[in-house]
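The values are calculated or read from the model by the stated rules, or taken from the named source; none is laboratory data. For clarity, every value in this text was computed on a predicted model and none was experimentally measured. FYI the Cβ positions are ideal-geometry reconstructions off the backbone, even for glycines, and counts take in every protein chain you see. For accessibility, only protein heavy atoms count, side chains too; no ligands or nucleic acids. Shrake-Rupley method; radii C 1.70, N 1.55, O 1.52, S 1.80 Å.
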Amino acid sequence: MKNLFIYLFKTVLILGLFTAVNSCSSPEEAHDDEEQHEESENGVELSKAQYNQAEIQLGSVKQLMMGTELNVNGKIDLPPQSNISINMPYGGFVKYTEMLPGTKVRKGQLLAIIENPDFIEFQQEYLENIANRSFLKAEYERQEKLFSENIAAGKNFQQAKSKYLANEAGIMALEKRLELIGLKPSEVREGKISAEVNLYSPVNGAVREVYANVGKFVAPKDVIMNITNSEDLHVELTVYENDIPKVKTGQRIRFTIANSLEWREAEVFLVGSGVREDRSVNVHGHLKVHEQDLLPGMYVNARVETDRQQVWAVPEEAIVRFSGKHYVFSYNGLKQENGQDLHDFVMLEIEKGITEDGNTQISLMDTNISIDKIEIVEKGAFTLLAKAKNMESEGGHHH
């Protein structure tokens, strides 16, 4: 009985040691299994037919010059001189206009016709002064000659000179008055007298507001309509105090308007010199291209390029997102499995940087991989992601 007890004790002891040995080796084996499982999850294999169907395009990670960008908001704006008010200095009745808010106009285009009986009086007075010019000039020259020969008194000469010069001053003043209301003195001298004056657009642009209609009397101080000079549109951005030192004239601006994915360009030409109460300044940018769909007051989201540096970058289409992380697919070439040629890919986790002109800066999370040595999938990455995650959900390594 005693011997049986000793035998059982030894057996239990040996089994315990065997179990302990197994348990000591299992973490390494489990780690190997874990690595293989992780590698299996991130790897994708495509047959030749699948590869062709996916329309995979390969490329390398390229070094590109990209700018560090400052994200800001703002609007499309106009300088004061580009918002032009149309009026009639001497007033009158609106006889004609077809302008509506938003109407595109070109420089010299007819905007409205204003009628005023006083315009006829201006022209009549001008013609009377022109008619008197010859007589007054001749009398002035005659009296000047008589005075120089001591035949006539100096008083007569001074009176003739005064009348002639006063008439000349009247002619010049009336010519300016006629030009101010839009009448040409040369046409008036030819006998073309009218109670109507045409108002023309002084710039290329668009009608912003209209305040008068046909038949309405507009006083000299009344604005008939406002014209926006579209050639002077610019972006006005709000930059806060901490970022002001980063912004300089000549820097590139990229911006989008609401409900548009199109990036447009401008260039910083003026940085405000005074900080407002909200600790911000205005930054103004000239548009690179003047586009018809941009209107004053439009909200913009913008990025100011504050620095340029050389970075590793790939096309935006090469980057996929899964479980809150970003990846690219690296191509490992062809391999043989069960007598079949397979295209081998692996997902590499990356960190995204700035995006510019369709390219995105990246860095590999695994620093042991040389970024300049890998061949990446530039087109077809989403197809590979779908296949990889489909394989994972099926619990196997398929092709």
Among (i) 21.0, 70; (ii) 20.4, 65; (iii) 42.4, 175, the entry derived from the coordinates for Rg and Dmax of the Cα atoms in Å: (iii)
For the chain, the charge dipole (Cβ of Lys, Arg +1; Cβ of Asp, Glu -1; about the Cα centre) points to a positive end, and the Cα of Ile224, Ile350, Val283 closest to that extreme belongs to Ile224
So, in Å, what gap is there between the alpha-carbon centers of the range 261-326 and the range 172-249? 32
By the Kirkwood definition, with r running over pairs of different Cα atoms, the range 242-391 has a hydrodynamic radius in Å of 19.0
Whole-percent carbon and sulfur share, accessible surface of the range 52-162, 1.4 Å: 49
Of the listed links Lys176/Lys216; Lys192/Lys216; Lys137/Lys184; Lys335/Lys387; Lys352/Lys389; Lys221/Lys288, those spanning more than 28 angstrom between alpha carbons are Lys221/Lys288
Pseudo-spin-label distance Tyr211 to Trp263, built 7 Å along Cα→Cβ, given in nm, is 4.3
Could you state the angle between the C-alpha long axis of helix 154-181 and the longest principal axis of the C-alpha atoms of the chain, as a value from 0 to 90 degrees rounded to the nearest 10? 30
If I model a spin label at Gln81 and Glu168 as a point 7 Å from the Cα along the Cα→Cβ vector, what separation in nanometres do I get? 3.4
Taking only protein heavy atoms and a 1.4 Å probe, what accessible area per residue, in Å², does the range 290-399 have with all protein chains in place? 54
The range 64-158, accessible area per residue, ligands and nucleic acids excluded (1.4 Å, Å²): 59
Accessible area of the range 262-399 with a 1.4 Å probe: how many percent of it is carbon plus sulfur? 45
Ranking request for peptides 325-332, 290-297, 365-372: highest mean number of other beta-carbon atoms within 10 Å first, then the rest in descending order. 325-332, 290-297, 365-372
Only Cα pairs within less than 10 Å get springs; with that Gaussian network setup on the chain, which residue of Gly353, Gly91, Gly154 has the largest fluctuation? Gly154
What nm value, rounded to one decimal, do you get for the distance between Met298 and Asp372 when each label is placed 7 Å out toward the C-beta? 4.3
